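Everything below concerns the one structure shown next.
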Amino acid sequence: MAYERLTEILRDSSRIVFFGGAGVSTASGIPDFRSADGLYQQKYRRTLSPEEMVSHSFFVQDPEDFFAFYKDKLIYPEAQPNGCHRALAKLEEMGKLLSVVTQNIDGLHQAAGSKRVWELHGSVLRNYCTRCRKFYGVETVLEAEGVPRCPACGGIIKPDVVLYEEGLDEKVINGAVSDIRRADTLIIGGTSLVVYPAAGFIYYFRGKHLVLINKSETGADSMAELVIRDDISKVMEEAVSAL
Ligand code: ZN
């Protein structure tokens, strides 16, 4: 019933924007890093929260422990796209989807074939030397023992990921907001819509259909035409395959 209604909405849409959070990647085996348990903290005898472990100041003050946590909790080289990623790539191929706006940093939308992806928080797949600005892939970080260093100049390599205390990329925000303004349908999935400024993007939407798909309640449920409380991977895969 809810899925059928979603399929009808997709049929009626030609400028869909999908806005996704951590829940989009959980079916690919990537847990929300905020759920990192106390074991890690015991290991390093720290009382830092997961957010503090991926903050800019921690990166600067203690890059060794930053990278230990980052490699352990934020990079998943074996992860594969799931049904949600594939369904969105298919919608774009059909000419129905404008873009994907994501809070995830795993690159799985592009791996599934999506072309226009606004990565609000950057990507673990891109890394750059903080001294000479040369770019490196994820392997350079994974293969490094401890803090990854630039083979060209010896500078510290930083993930092209927006850390806590850092601002979002303006070009990415503007691109995402401009697409949301033009969208006839906005599907928000796998996020409880609590992380600002991204959570405020919903207010730029002026289209017809607002759909929320999340396992638990979100702050915007009352604004939506359709709310589906289920696994986003399953929901999107079924709704798109019925088109
Ligand atoms: Zn360098």
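With all protein chains kept in place, the per residue accessible area of segment 162-217 amounts to 50 square angstrom at a probe of 1.4 angstrom. Placing +1 on the Cβ of every Lys and Arg and -1 on the Cβ of every Asp and Glu, with no other charges, gives segment 97-243 a dipole of roughly 560 debye about its Cα centre.
Which of the peptides 213-219, 119-125, 98-104, 86-92 is most tightly packed, and how do the rest follow, going by the mean number of other Cβ atoms within 10 Å of each residue? It would help to have the intermediate numbers written out before the result.
On the way: 213-219: 17.6, 119-125: 20.7, 98-104: 25.7, 86-92: 22.7.
The most tightly packed comes first, giving 98-104, 86-92, 119-125, 213-219.
Counting protein heavy atoms only, segment 1-134 has 50 percent of its accessible area on carbon and sulfur, 1.4 angstrom probe.
Using R₀ = 41 Å, calculate the FRET efficiency as 1/(1 + (r/R₀)^6) where r is the Cβ-Cβ separation of residue 135 and residue 215; round to 0.05. Walk me through the numbers on the way to the answer.
Details: r = 36 Å, r/R0 = 0.88.
That pair, residue 135 with residue 215, gives E of 0.70.
A crude spin-label estimate for the pair residue 223 and residue 56, with each label 7 Å from Cα along the Cβ direction, gives 2.7 nm. The label point for residue 11 and the one for residue 238, both projected 7 Å from the Cα toward the Cβ, are 1.7 nm apart. In this structure the amide hydrogen of residue 207, modeled in the peptide plane, comes within under 5 Å of no amide hydrogen from residues 5 or more places off or on another chain. Both radii come from the Cα set of the chain: Rg as radius of gyration, Rh as Kirkwood radius; their ratio Rg/Rh reads 0.99.
Tally the DSSP beta bridges in the chain and give the antiparallel ones as a percent, rounded to 5.
Taking every DSSP beta bridge with both residues in the chain, the antiparallel ones total about 25 percent.
For segment 66-168, the spread of Cα positions along the three principal axes, ordered from largest to smallest, is 46, 26, 26 Å.
Listed by chain and number, the aspartates and glutamates placed with their C-alpha closer than 20 angstrom to that of residue 90 are 4, 8, 12, 106, 119, 179, 184, 231, 237, 238; residues fewer than eight positions away on the same chain are left out.
With a cut-off of 12 Å between beta carbons, the residues surrounding residue 152 carry a summed charge of +4, where Lys and Arg count +1 and Asp and Glu -1.
Taking the C-alpha atoms only, the angle from helix 232-241 to the longest principal axis of the chain is near 40 degrees.
If each DSSP helix of 4+ residues adds -39,500 (n - 2.57) and the sum is divided by the residues in the chain, what number results at 222 nm, nearest 500 deg cm²/dmol? Walk me through the intermediate numbers first.
On the way: 10 runs with 82 residues, N = 243.
Mean residue ellipticity at 222 nm (helix-derived): -9000 deg cm²/dmol.
Here the accessible area of segment 182-224 is 51 percent carbon and sulfur, with a 1.4 angstrom probe and all protein chains present.
The values are calculated or read from the model by the stated rules, or taken from the named source; none is laboratory data. These numbers come from a predicted model, not from an experiment. Cβ sites come from the backbone with ideal geometry, for glycine too, and all protein chains shown count toward neighbours. Heads up: the accessible areas ignore ligands, DNA and RNA and are worked out on the full protein's heavy atoms, side chains in. Shrake-Rupley method; radii C 1.70, N 1.55, O 1.52, S 1.80 Å.
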